[in-house]
1. Once the piece of chain linking Asn76 and Leu429 is laid out straight, how much longer is it, given 0.36 nm per residue of separation minus the C-alpha distance between them?
2. With respect to the cross-link table entries Lys62/Lys209; Lys62/Lys141; Lys172/Lys209; Lys121/Lys208; Lys67/Lys172, which display a Cα-Cα separation exceeding 25 Å?
3. I'd like the accessible area for Glu52, computed on protein heavy atoms only with a 1.4 Å probe and all protein chains in place. Round to 10 Å², please.
4. What does the helix-only formula give at 222 nm for the chain: each DSSP H stretch with n ≥ 4 adding -39500 (n - 2.57), the total divided by the residues, and the result rounded to the nearest 500 deg cm²/dmol?
5. Counting only protein heavy atoms and using a 1.4 Å probe, what share of the accessible area of the chain belongs to carbon plus sulfur, as a whole percent?
6. Just one of (1) 25.5; (2) 27.5; (3) 45.3 is mean projected area of the Cα convex hull in nm² as worked out from the coordinates here. Which one is it?
7. Could you please report the charge total around Phe152, scoring K, R as +1 and D, E as -1 over all other residues with beta-carbon less than 12 angstrom from its beta-carbon?
8. Any idea of the accessible area per residue across region 106-224, 1.4 Å probe, to the nearest Å²?
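The values are calculated or read from the model by the stated rules, or taken from the named source; none is laboratory data. If you're wondering where the values come from, they're calculated on a predicted model, not measured in any experiment. Virtual Cβ from ideal backbone geometry, glycine too; neighbours counted across all protein chains shown. Protein only, heavy atoms only, side chains kept; ligands, DNA and RNA dropped before computing areas. Shrake-Rupley method; radii C 1.70, N 1.55, O 1.52, S 1.80 Å.
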Amino acid sequence: DAMHAASLASAAALPLAAFYNDAINEQMVTTDSVMRADFRRWRARAGFSFCEHAFVLDAASKQAVLKLDAVIQMHNEFENAVIQSVFTRGAPSPFLVLRVRRGHLVRDTLHQISSRASDLKKPLKVHMAGEEGVDEGGVQKEFFQLITRQLFDPDYGMWLQDDRSGTFWFNKASLESSLQFELIGVLLGIAIYNGIILDARFPNVVYKKLMHQPVGFEDLRDAFPDLARGLQQLVDYGGDARDLALTFAITEEVYGEKQVVPLVEGGAEREVDDSCRQEYVDRYVEHVLTTSVAPQFDAFARGFHRVCGGPALDLFHWQELELLVCGSPDFDFVALERGATYEDGFGKDHHTIRLFWEVVHGLEQEYKRKLLIFTTGSDRVPIRGLSNLRFVISRNGSDESRLPSAHTCFNHLLLPEYTSAETLRQCLLTAIRECEGFHIV
C-alpha cells in the first residue's frame, strides 16, 4: 500500500499495471465464488479483502466487482418492485425496458429514462418499434451505438470534437437543456452496468473529474495542446509580461459573436504582470476545464453517478474508468483468431476457416471494426483485449450465394462453407456493409 501511494504521489509514477497481480486477477475473473466471497468480506468489512487493496486488481477484475454490485442492486430493485406490486396490483418488470422508435431515439429515450428513475439499475432490454429484434444483448449494443452517434454528432450542438484526437468536449454554448447532458451521463452508467462498451472518447480530464480527482495544467495540455503551448510560452517569456498587454479577461466567440469573459472579478481592468503570470495561467486553466462548462459537466456527472456512483466505482483509477467506458484500444485480430471456437463441422484447420482468417487479416482497419459490429454488435474491444472475446464461427450450409449472418448477443458468426477467398471476401463485405438494423439479435 505504501509503495503504491508513493508512486501515485510521484511525478514519475509507475504504470498501474506494475502493481497488478496476475494470479489474483485470474482468480477474481474466472472463479465466481472467489470474487463473491471477497466482495462480501469487503462490503461487510469482515477480514482481509483484495477489494480493500484494489491497486492489485486490474480493470477487468474491478469490472467484475462492479457487475456483481450491479446484480445485487438490480436484485434489490426488483424485490422492492415485487413488494410494491402487492399494493398497486401491477406486476413488476425485472428489466429496464426501453421502447424506442428508430427515427426518435433521443426523444424517446430521454422521456422514458426521465420517468423511470427507479428502474435504472435493472438489466436493460431494448425494443425497437416496428422491428423484429429480440433483445438477447445484440439489440441493446446497436441501440447504444446509434444513440451515442446521434448525441455526439457535432451538428447536434452538444459537443465539440477535436480534429486530431477525435475526443469530445462539452460545448459551453450548447442550446440543449441540462437534461440532455444528464441523459448522456445516465446512458454511460447504464452501459457500464450492462457490460456495453461505448465509442465515447473523452480527454483524460473528463474521467478524472468523474472520479473527483483534481485537474490542472497537464490536463489542459492533454485536452487542448495548442492552448497549453501558448500559456507555457507566457510562463517562459523572458521579457516583462506587461509587454504582452494581457488582462485577467479573455475573449471568446459564441455563435459568431465575441464575448469578453473575466477570469476574476474585475478581470478586464487587472493587468497581467510578472508577479501574477502563474495566477493568470491557473485561472485560465480553471476557466477552460471547470468554470466555463460547469452546467454541462455537472449535469453529465449527475446522470452518471445516479447509476454508477458508489463504493464499487471508487475502486477504479480514472485510467481504468476510461477502459471501462471505451474498452481496450488494441485491435489484435491475431488474438481474436487464437481465441475463436468453431461449431457444426468447422474447425481451425477447415479450408473455409483458413480462407476466412486470410481475408480478415487483409481487411483495412475500418472493415475490421465493421466486422466486430456485425458479429458482436459493437466495435469496442473488451478490457483484456480480443483474446478475451468469446467468438464462435459455425458452418451455415454450403450455399455460396448466401451471405454470412450473426447472432450478436452470442458473438456468433454463421458462415456458409465458401470455397474461394474472393467469394468469401465479397459476401463478407456485403454482409457487414448492410448489417445496421435491429433485425439482429
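1. Additional length available on full extension: 122.6 nm.
2. Exceeds cut-off: Lys67/Lys172.
3. Its heavy atoms expose roughly 100 Å² to the probe.
4. After summing the helix terms and dividing by the residues of the chain, the value is -14500 deg cm²/dmol.
5. After summing per-atom areas, the C and S share lands at 51 percent.
6. (2)
7. Once all neighbours under 12 Å are counted, the net charge is -1.
8. Result: 41 Å² of accessible area for each residue.
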